[in-house]
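Written below as structure tokens is the structure these notes are about.
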Amino acid sequence: MDPVSVIFASYLDLVTNIAHKSYADVIGTEVTALSVEHKGITVPYSYNLWRIRDKTVCASYKYETAQHSKCTMAASSLFSDICQHLQSQSLDHWKKKKLKNMYCNAAATYQPTVANIQWSSDSSGLQVARANCNSAIAELLGTDDPALRKKKEKVCSEYKKLMQEAKK
């Protein structure tokens, strides 16, 4: 290929890529992933078509319920804060308008996962008896100690008695 053709082909490729990138940017067709530090928590999320994809918000915490809950609550706060910030600014650029609409829509519609995990403070007598029976069974595993066997029989019989009374 002659040098002029190579330069012309490179120029066409550059112009095409710039035009495509500009079009994709305006329409928002590319998925954009972000991770933002907010209130001491890293909040990961993705967006495309100028909409935040709810399923991507805090997806990296999916299997850690307490962390996922904290992250989604921080995300909700983040979306609201960004919306308020963008509403207070002049929106002379098209991208600011798109971002404001995206974050304000997310602030209005995103539902965080609220999980509060704690030990139950109220244990019924039946629950305590069951826990005692299970503990006695666990203590007896791997040993043939007569004292532990007697203890297990005693606490488990109490548990069975309470179960019978609860069924009545």
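Sequence-ordered 3J(HN,Hα) estimates for segment 151-164 from the Karplus curve with 6.51, -1.76 and 1.60 and θ = phi - 60° stand at 4, 4, 4, 5, 6, 6, 5, 4, 4, 4, 5, 5, 5, 4 Hz, glycine and proline given as x.
Using the empirical formula 2.2 N^0.38 Å as the baseline, the Cα radius of gyration of segment 40-162 reaches a ratio of 1.91. For the pair Lys150 and Gln127, a Förster radius of 22 Å applied to the C-beta separation gives a FRET efficiency near 0.40, rounded to the nearest 0.05.
Ordering Lys151, Lys161 by accessible surface, largest first, gives Lys161, Lys151; the 1.4 Å probe counts only protein heavy atoms, with every chain in place. For segment 54-168, the share of accessible area belonging to carbon and sulfur comes to 52 percent (1.4 Å probe, ligands and nucleic acids excluded). Within a straight-line Cα-Cα reach of under 19 Å, Lys55 can be paired with the following lysines, leaving aside sequence neighbours fewer than 8 residues apart in one chain: Lys70. For Val43, the amide hydrogen comes within under 5 Å of the amide hydrogens of Val36, Glu37, His38, counting only partners 5 or more places away or on other chains and with H modelled in the peptide plane.
The values are calculated or read from the model by the stated rules, or taken from the named source; none is laboratory data. It should be emphasised that the depicted structure is a prediction, and the values quoted were computed from it without experimental measurement. Neighbour counts run over all protein chains shown; Cβ positions are idealised from the backbone, glycine included. For accessibility, only protein heavy atoms count, side chains too; no ligands or nucleic acids. Shrake-Rupley method; radii C 1.70, N 1.55, O 1.52, S 1.80 Å.
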